[in-house]
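Working notes, beginning with the structure itself.
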Amino acid sequence: MFSAFKRSSSSGGYGGGGYGAPAAPGGISPEKEQLRVQWVAQFNKAQQHDSWGQIVEAQDAYKAMASQVAAKQGMPSITSKEKDIMNRLSLCLSAREQSLTTLHETISAVEMKSLAPIFEVLFTGREPEAFPIDPSRYQSAMPVRPSEKGEIICADAEESGTTDWHQQQAALRTVRGTVVCLRIDKIGLKDAQEYIDPFIRVIVADSSANILDSRDTAVASDRRATHVVFNQQVYLNVSLEDMTKAGAAIFFEFNHYKPKKKKVSTRCWAFMELSELKVDEEMVLEIYHKPTDLKKKKLNLHTEKPLYLHLYATHVKN
């Protein structure tokens, strides 16, 4: 059982707003272990082609791996550290594939060998703190991504999209510092099944209620008896460091479409202080009556029932 941290709703006072549920104990998940074993074998094969001078085979192997690693970064079970390492691995694989294509060696076969131990311990919790290859060797690489149809292609530097991979790459291109990713899991509402095209708007506002960033999720994936389910990730376009300097808080508006009025309406909202942002843990936030108050003065509970906004956060160092 868990309970959200309670805020006072009287005369504008408030306290903490998030509850970090402890991470579940246990070893590597079967899905992650399958990926780890698969990638170790694939990387060893790619390295073999590379060392034997089989350029075409090495190119294909590195490109396929870069695509696969990039595609799995958005898995809900991926932790901040794993996401950061996977991003670096994908870029190194992309850089080596492009080096073999252009014959301009930005990253060498010898350097790629140092990644073998990383693949061996990926997802085990024993990943090293320091990445073995200097960022200058792979940061300029054009990342390989999987297309929606499964075709493996290189991403254009200005390409836009709505997938998790596209969102992450866009954030990494524009944010200098720690990129914050929020996975909106679900929101508890007693009339959850009645809403049309519901989505969450994530707003970052500073201590003066100035909006620093605003992101919308896609429409909810499911509606249950008392929960609207999203299971969607949003990458903030302002770094954790800049949010901290601005004294910012993060707000979550639950919006839905009203056909009679032909407009999108806010039903309720929640917020968290940065001190309440827990990485790789579940956070549970109280829900308040509309309208959204970016100054956090008018906090009236939306319901007395034990219904909350559930979310998770991960970080990627840029």
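Between 113, 261, 63, the residue with the greatest mean-square fluctuation in the GNM of the chain (Cα pairs under 10 Å linked by springs) is 261.
For the range 157-232, the set of GluC sites (Glu not before Pro) satisfying both a DSSP loop assignment and a count of at most 15 other C-beta atoms within 10 Å is given as 158, 159.
For the residues 139, 98, 167, a GNM of the chain with alpha-carbon springs under 10 Å puts the largest fluctuation on 139. Per residue, the chain exposes 49 Å² of solvent-accessible protein surface, assessed with a 1.4 angstrom probe and all protein chains in place.
Using a Förster distance of 45 Å, how high is the FRET efficiency between residue 274 and residue 140, based on the Cβ-Cβ distance and rounded to 0.05?
The value I calculate is 0.90.
Summary value for the chain: 22 percent relative contact order, contacts being C-alpha pairs under 8 angstrom separated by 6+ residues. Charge tally for residue 48 (other residues, Cβ to Cβ under 12 Å; Lys, Arg +1; Asp, Glu -1): 0. So, R0 is 22 Å and r is the distance between the beta-carbons of residue 196 and residue 289; what FRET efficiency does that work out to, to 0.05? With a Förster radius of 22 Å, E is 0.60.
The phi torsions of the range 43-56, fed into the Karplus equation with coefficients 6.51, -1.76 and 1.60 and a -60° offset, translate into couplings of 5, 4, 5, 4, 5, 5, 4, 5, 5, 8, x, 8, 4, 4 Hz, rounded to whole numbers, with Gly and Pro shown as x.
Distant-in-sequence amide contacts of residue 223, defined by a placed amide H-H separation under 5 Å and a gap of 5 or more residues or a different chain, comprise 229. Check cross-link reach from residue 245 to the aspartates and glutamates: straight Cα distance under 14 Å, and skip same-chain residues fewer than eight apart. In chain and number order, the partners are 206, 273. Given their separation in residues at 0.36 nm each and the Cα-Cα distance between them, residue 260 and residue 103 gain 50.3 nm when the chain is fully extended. Computed over the chain, the per-residue total of -39500 (n - 2.57) for DSSP H runs of n ≥ 4 gives a 222 nm mean residue ellipticity of -9000 deg cm²/dmol, rounded to 500. Measuring between alpha carbons in the structure, the pairs from 295/317; 261/290; 278/317 lying more than 19 angstrom apart are 295/317.
For the range 37-106, taking the reciprocal of the average inverse distance between every pair of different Cα atoms yields a Kirkwood hydrodynamic radius of 12.4 Å.
Here the ratio of the Cα radius of gyration of the range 43-155 to 2.2 N^0.38 Å is 1.00.
Across the range 282-295, computed HN-Hα scalar couplings (Karplus, 6.51 cos²θ - 1.76 cosθ + 1.60, θ = phi - 60°) run 6, 10, 10, 10, 5, 10, 10, 5, 5, x, 5, 10, 5, 8 Hz from first to last residue, x flagging Gly and Pro.
Measuring max minus min along each principal axis, the C-alpha atoms of the chain give extents of 71, 41, 38 Å (largest first).
Of 107, 250, 196, the residue with the greatest mean-square motion in the GNM of the chain, using alpha carbon springs below 10 Å, is 196.
Here the chain exposes an accessible surface that is 52 percent carbon and sulfur, computed with a 1.4 Å probe and the other protein chains kept in place. For residue 216, the residues whose modelled amide H falls within less than 5 Å of its own, excluding neighbours fewer than 5 places apart on the same chain, are 202. Angle, helix 164-174 long axis vs. longest principal axis of the chain, Cα atoms, 0 to 90°, nearest 10? That helix lies at roughly 90 degrees to the long axis.
The values are calculated or read from the model by the stated rules, or taken from the named source; none is laboratory data. Predicted, not measured: the structure shown is a model, and the values here were computed from it. All Cβ positions, glycine included, derive from the backbone under ideal geometry; neighbour counts span all protein chains shown. To get the accessible areas, we keep the full protein, side chains included, count just its heavy atoms, and leave off ligands, DNA and RNA. Shrake-Rupley method; radii C 1.70, N 1.55, O 1.52, S 1.80 Å.
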